[in-house]
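Please read the structure below before turning to the comments.
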Amino acid sequence: MVDVKMGDCWSNTKDQFDNLEKHTQWGIEFVERYNKFVKDRTDIETSYAKQLRNLSKKYQPKRNSKEEEEQRYTSCQAFVTVLNEMNDYAGQHEVIAENMSGLIYAELSRYIQELKQERKLHFQEGRRAQQHIESCWKQLEASKRRFERDCKEAERAQFHFEKMDNDFNVTKADVEKARQQAQTRHQMASDSKGEYSSSLQNFNKEQHEHYYTNIPNIFRKIQDLDERRIVKIGESVKTFSEVDRQVIPIIGKCLDGITKAAESIDEKHDTQLVVEAFKSGFEQPGDVDFEDFSEPIKRTVSESSLSNSRSDGKQESKSGKSKGKLWPFIKKNKLSLKLGSGPEDFSHLPPEQRRKKLQQKIDEITKEIQKESDQRDGLTKMKDVYIKNPQMGRPESVDPRLAEIEQTIEKLRQESQKFEAWLAEVEGRLPVKTDPPRRPSEMPELPSTAVNNCAQDRESPDGSYTEEQNQDPQLKVAAQSEFDDEFDDEEILAAIGTCKAVYSFEGQNEGTIAMAEGETLRVIEEDKGDGWTRVRRSEDEEGYVPTSYVEVYLDRNTKGAMTYI
């Protein structure tokens, strides 16, 4: 600050006021610039928090989607934890922005307005003091010049009187007039002297008070204002640091949560989930039997072929020709697989996966039954209340809803029993009771007995075709003979490609053929969308195998270069 010393003139004081005015104006502009910096930092924190929240929301797993199923893996759970912690992390940046806006920006904005007003008052007071001392100085100068002028005029009047008094040619009247004029001038000089002396004393007093009291007080006020401004900047900078420091422990907890999530990742657990999800439940294939080609006899057909699976009760209708033909109605219903959907009993899946799907379906139905039961219990209690307190409502108004819930529960129980039967079927606790999958084809007319017996055919747990054990063997032979006669003259289909067995397949059911893992067969009819592919091993041995068990390679001249699993 400026130190006003004894002997400084008022013009120098005016210069100091100008310097102080410039300095204090710069100080206010500096506070405004710092406050603008805080505002920009607040905007950045707000924007950053918003972007973090949007980022966390964007990568959150969607409900009822594949991403939600992935949450059983520990790595996916860790990622969700990271997203949640980042959401909390964003909340701390919002706290920073809110505190900076309220504790620093708003406070400094208010303080700047007060600072400007106070500064304006101090400099107005300084200007008034400066104007007052200048006015006193001007009065002193005016009285001084008037005193000087009167003294000179009194001296000239005295000189003129003396000259007139010594001149004998001048009349006594002129001399008297000159004397009176001189006396008047002397009196005016004396009055001017007194006025000048009074003005001088007054100016000295005002000047002393100006330089020793008024100006120092004003300067001290300006100095105090500037010092308070500097202290305020320091407090704001400290608050700027404290706002960040307050959220550091919470941010640290967020980072600790992320670290804990990373440590919770268990690769063994995740890989075991993959194994459990995709294991088929089939046994490992056995050893491949030796086939002796040195014997000049015709190889017998596989046990899994059609003729061998029907050897009990069936007679050869034509000598020298094996009955390796397929039943025309064993193909699966394409309507059940429309738009990629599987059959209701999940028979298109391997046994282990089918068991899991059925169990999952049973659990879902159980939850629905529990939910409906809770609603029923609530309505029952409400009805009891209405019976005891008729003014609260009519008891019969609840009956329609109760009846509806009872119907829903009954339907759900029937659904549950159906899926439990399929589950028991898979686990080998109950006999097979589901209808066999059939490919749509033209079917010849059958005798009523044959049709009834065929209607009793069922599908095995892995989706293949089986027959009831209590079916009349004679009827089976009759029906099979008629069908064999119909298809004995069927034209042999040309191979359209090859396929390689990925899994072994026992093929013990009607119309299927057994295959060993890694075995190569010829494809004579590709999958029509029902999950079965028709293959041939030899001239007299052909049948259907599950498409999901083989890798199919179609010839270029048939379907182009295609490979599917």
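The values are calculated or read from the model by the stated rules, or taken from the named source; none is laboratory data. Please read all numbers here as calculations on a predicted model, not as lab measurements. Cβ sites come from the backbone with ideal geometry, for glycine too, and all protein chains shown count toward neighbours. Note: accessible area is taken over every heavy atom of the protein model, side chains too, but ligands, DNA and RNA are not part of it. Shrake-Rupley method; radii C 1.70, N 1.55, O 1.52, S 1.80 Å.
The stretch between residue 506 and residue 277 holds 80.2 nm of extra length on full extension. This uses 0.36 nm per residue minus the Cα-Cα distance. Residues in the range 394-409, backbone N under 17 Å from the label point at residue 388 (7 Å along the Cα-to-beta-carbon vector): list them, ranges by number please. What the label zone holds, given the 17 Å backbone N cut-off, is 394-396.
Of the residues 185, 228, 145, the one with the largest accessible area comes first in the ranking 145, 228, 185, computed with a 1.4 Å probe on protein heavy atoms. The simple Förster model, with R0 at 22 Å and r as the Cβ-Cβ distance, assigns residue 520 and residue 294 a FRET efficiency of 0.50. Packing around the peptides 364-371, 162-169, 146-153, taken as the average count of other Cβ atoms within 10 Å per residue, puts them in this order, highest first: 146-153, 364-371, 162-169. Distance from the alpha carbon centroid of the range 343-376 to that of the range 101-151 works out to 91 angstrom. Each residue of the range 114-120 was assigned a 3J(HN,Hα) from its phi angle through the Karplus curve 6.51 cos²θ - 1.76 cosθ + 1.60 (θ = phi - 60°); the sequence is 5, 5, 4, 5, 5, 4, 4 Hz, with glycine and proline shown as x. Across the range 228-236, coupling constants 3J(HN,Hα) worked out from phi with the 6.51/-1.76/1.60 Karplus curve, θ = phi - 60°, read 5, 4, 5, 4, 4, 4, x, 5, 5 Hz, and Gly and Pro carry x. Potential lengthening of the chain between residue 30 and residue 364 amounts to 113.5 nm, from the contour at 0.36 nm per residue minus the alpha-carbon distance. Amide H contacts under 5 Å for residue 550: 502, restricted to partners 5 or more places along the chain or on a different chain, H placed in the peptide plane at 1.01 Å from N.
Summarising the label geometry, the points placed 7 Å from Cα in the beta-carbon direction at residue 262 and residue 152 lie 9.7 nm from one another. Net length available on complete extension from residue 197 to residue 212 is 3.2 nm, with 0.36 nm assigned per residue and the Cα-Cα distance removed.
Note that the range 152-210 presents 75 Å² accessible area per residue, ligands and nucleic acids not counted, probe 1.4 Å. Here each label is just a point 7 Å from Cα along the line to Cβ, and for residue 427 and residue 410 those points are 2.8 nm apart.
Here the Karplus relation 6.51 cos²θ - 1.76 cosθ + 1.60, evaluated at θ = phi - 60°, turns the backbone of the range 145-154 into coupling constants of 5, 5, 5, 4, 5, 5, 5, 5, 5, 5 Hz, with x for every Gly and Pro. Here residue 183 and residue 21 are evaluated by their C-beta separation; at R0 = 56 Å the FRET efficiency comes out at 0.55.
Residue 229 contributes an accessible area of around 10 Å² to the protein surface, as traced by a 1.4 Å probe with all chains present. Applying 1/(1 + (r/R0)^6) with R0 = 41 Å to the Cβ-Cβ distance of residue 81 and residue 47 gives a FRET efficiency near 0.95.
Remark: the range 189-263 is approximated by an ellipsoid whose semi-axes, taken from the C-alpha gyration tensor as √(5λ), come to 71, 5, 4 Å, largest first. Using +1 at the C-beta of Lys and Arg and -1 at the C-beta of Asp and Glu, which of 151, 137, 170 has the Cα lying farthest in the positive direction of the dipole of the range 104-173? Selected residue: 137.
Pairs over the 18 Å Cα-Cα cut-off, from the set 62/253; 418/528; 66/418; 371/411: 62/253; 418/528; 66/418. Peptide packing: for 418-428, 384-394, 198-208, the average count of neighbouring Cβ atoms within 10 Å per residue gives the ranking 418-428, 198-208, 384-394, highest mean first. Working from label points 7 Å from Cα in the Cα-to-Cβ sense, the residue 138 to residue 417 distance is 11.7 nm.
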